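Here's the structure we're looking at; comments come further down.
What follows is calculated from the coordinates using simple rules that are stated; it is not laboratory data. Since the model is a prediction, treat every value here as computed from it, not as a measurement. In this analysis, Cβ positions are derived from the backbone assuming ideal geometry, glycine residues included, and neighbour counts consider all displayed protein chains.
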Amino acid sequence: MDQMMTESDPHADLREEVAKLCARFPGEYWRKLDEVRGYPTEFVQALTEAGYLGALIPEEYGGAGLGLSAAAAILEEVQRQGCNGAACHAQMYIMGTILRHGSAAQKQEYLPKIASGELRLQAFGVTEPTSGTDTTALRTFARREGDKYIVNGQKIWTSRAEHSDLMLLLARTTPRDQVAKKTEGLSTFIVDMRKVLGKGLTIRPIRTMMNHNSCEVFFDNMEVPAENLVGEEGKGFRYILDGMNAERLLIASECIGDAKWFIEKAVNYAKERVLFGRPIGQNQGVQFPIARAYAQMRAAEAIVQKGLEKFERGERPGEEANMGKMLAAEASWAAGEACVQTHGGFGFAEEYDVERKFRETRLYQVAPISTNLILSYLGEHVLGMPRSY
Ligand SMILES: Cc1cc2nc3c(=O)[nH]c(=O)nc-3n(C[C@H](O)[C@H](O)[C@H](O)COP(=O)(O)OP(=O)(O)OC[C@H]3O[C@@H](n4cnc5c(N)ncnc54)[C@H](O)[C@@H]3O)c2cc1C
């Protein structure tokens, strides 16, 4: 589908290499994992060895030192080839908090090992069962005791916790009623889960609609060395927010990759499947939903592209990152819906991979941020209407 290549794409070679790697992990590989809710260890290893997961880590720390648009191209291509970057995408961007706010010693200690794959930083512990989207209401508390913090509380939807060595944790260090603003008094920690698993840390997988390796995580007097605090105590929420634009642009790129996969699959099937003496794709009722999804995808892609350009110029692409993430998630869903419908009954058969991708791409209208919260951002910060929550 050459028309789905962005004109004069500076990352064309990179995409080609990623596509070659992905070809080693066909639908059958993902289907088998899906059955047992397994983790794609070999795939993640291959991406790590190729240097893709360290794409955003500067060269001085052993990474590839690429820009956000290159990382976006990698993740888009992974999804476009039918693979699932959700198994490891967080490794690309969580480390940004350490890079931007960590001490020189933390950067030296962790970044080269994350880049080489010796350490996995795939787990991001923010969401809690009682606070959900209302992040500053989170209850996990880290109490300072001498040279360590004692952490108590619970997280939910901590994806990949069982397959990660490190977790970036957001916890309260000053009670909410003792800070001037609710966004203050939250701190960010690097938790070495290998050292505390079974000693204050319990991880329980949650079975979900798709294979996502997400977990509940419990902290019971879990000890974290004080040196693992990132930046200043009480400023953690700001550090996490700093990484949101990059995260949204990367997730949006994954959705665009999904949309391209669905569209290509639907177009091919519509051309091949012959009924009533002609290909089903000759019927406008079959063509139009696919064409509409294509238009939606291209529109989302243009916004995401704009966001990536702004980001790489050092500007704050809050508007584009939010709009791009929402539009791309909606485009991938529309493309998935058209793809299932085009395939008729076969859209439901596992061997076509359509139903698997359909389940996988639905997540991005809810996580890492739900559509309503994006609309609230646009309403308040872009359009200047009153804050709704
Ligand atoms: C598979 C999966 C993986 C995830 N991985 C991670 C992870 O690795 N780390 C992590 O920290 N979190 C993770 N999450 C959590 C994810 O970020 C949250 O599910 C998401 O932010 C929504 O929060 P919630 O589920 O608590 O829903 P709630 O906050 O309870 O919201 C429920 C619904 O109400 C709407 N809503 C809430 N408040 C408002 C409002 N003020 N105005 C309008 N609508 C509102 C929301 O949009 C949503 O549709 C994951 C979630 C899933 C399902």
Task: Gaussian network model of the chain, springs between alpha carbon atoms under 10 Å - residue of Ala295, Ala180, Ala331 with greatest fluctuation - done: Ala180
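What ranking of Phe25, Phe218 emerges when the number of other C-beta atoms within 10 Å of each C-beta is taken as an exposure proxy, fewest first?
So the ranking, lowest neighbour count to highest, is Phe218, Phe25.
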Task: Residues with amide H under 5 Å from that of Gln81, placed H, sequence gap 5 or more - done: none
- [ ] Note down the net charge around Phe346, summing +1 for each Lys or Arg and -1 for each Asp or Glu among other residues with Cβ under 12 Å from its Cβ.
- [x] -3
- [ ] With 28 Å as the limit, write out which pairs from Lys113/Lys306; Lys113/Lys235; Lys235/Lys260; Lys20/Lys113 have Cα-Cα distances beyond it, or answer none.
- [x] Lys113/Lys306; Lys235/Lys260
Task: Rounded if a/c under 1.5, otherwise prolate or oblate - the chain, Cα gyration tensor axes - done: prolate
Task: Amide H partners (placed H, <5 Å) of Thr140, local residues excluded - done: Gln154, Arg172
- [ ] Grab the other residues whose beta carbon is less than 14 angstrom from that of Gly54, score K and R as +1, D and E as -1, and report the net.
- [x] -1
TODO: Give the angle, between 0 and 90 degrees and rounded to the nearest 10, that separates the Cα long axis of helix 27-36 from the longest principal axis of the Cα atoms of the chain.
DONE: 50
TODO: Name the aspartates and glutamates eligible as straight-distance cross-link partners of Lys148: C-alpha to C-alpha under 19 Å, and not fewer than 8 places from it in the same chain.
DONE: Glu109, Asp192, Asp220, Glu223, Glu227, Glu232, Glu233
Task: GNM result for the chain, Cα springs below 10 Å: residue of Asn228, Asn283, Asn245 fluctuating most strongly - done: Asn283
Open item on the list: Tell me the relative contact order for the stretch 241-382 as a rounded percent, counting alpha carbon contacts under 8 Å between residues six or more apart.
Closed with: 31
Open item on the list: Can you compute the helix-only [θ] at 222 nm over the chain? Use -39500 (n - 2.57) per DSSP H run of at least 4 residues, normalise by all residues, nearest 500 deg cm²/dmol.
Closed with: -15000 deg cm²/dmol
Open item on the list: Can you give me the angle between helix 12-23 and the longest principal axis of the chain, using Cα atoms only, in degrees from 0 to 90, rounded to the nearest 10?
Closed with: 90
TODO: Could you pull the Cα extents of the stretch 171-302 along its three principal axes, largest to smallest, in whole Å?
DONE: 71, 34, 24
TODO: Compare Ser332, Ser370, Ser159 in a GNM of the chain, Cα atoms joined below 10 Å, and give the one with the largest fluctuation.
DONE: Ser370
Task: Ranking of Cys339, Cys88 by count of other Cβ atoms within 10 Å, fewest first - done: Cys88, Cys339
Open item on the list: Please compute the contact order of the stretch 7-77 in relative form: average sequence separation of alpha-carbon pairs under 8 Å and at least six residues apart, divided by the residue count, as a percent.
Closed with: 31
Task: Model label zone, Leu197; criterion: amide N under 18 Å from point 7 Å along Cα-to-beta-carbon; scope the stretch 116-142 - done: 117-125
- [ ] Once you have a ≥ b ≥ c as the square roots of the Cα gyration tensor eigenvalues for the stretch 2-116, tell me rounded if a/c is under 1.5, and otherwise prolate or oblate according to whether a/b is larger than b/c.
- [x] oblate
Task: Per-residue HN-Hα couplings for the stretch 217-222 [Karplus 6.51, -1.76, 1.60; θ = phi - 60°; Hz; x = Gly/Pro] - done: 10, 10, 10, 10, 6, 6
Task: Within-11-Å neighbourhood charge of Asn213 [Cβ basis; K, R +1; D, E -1] - done: +2
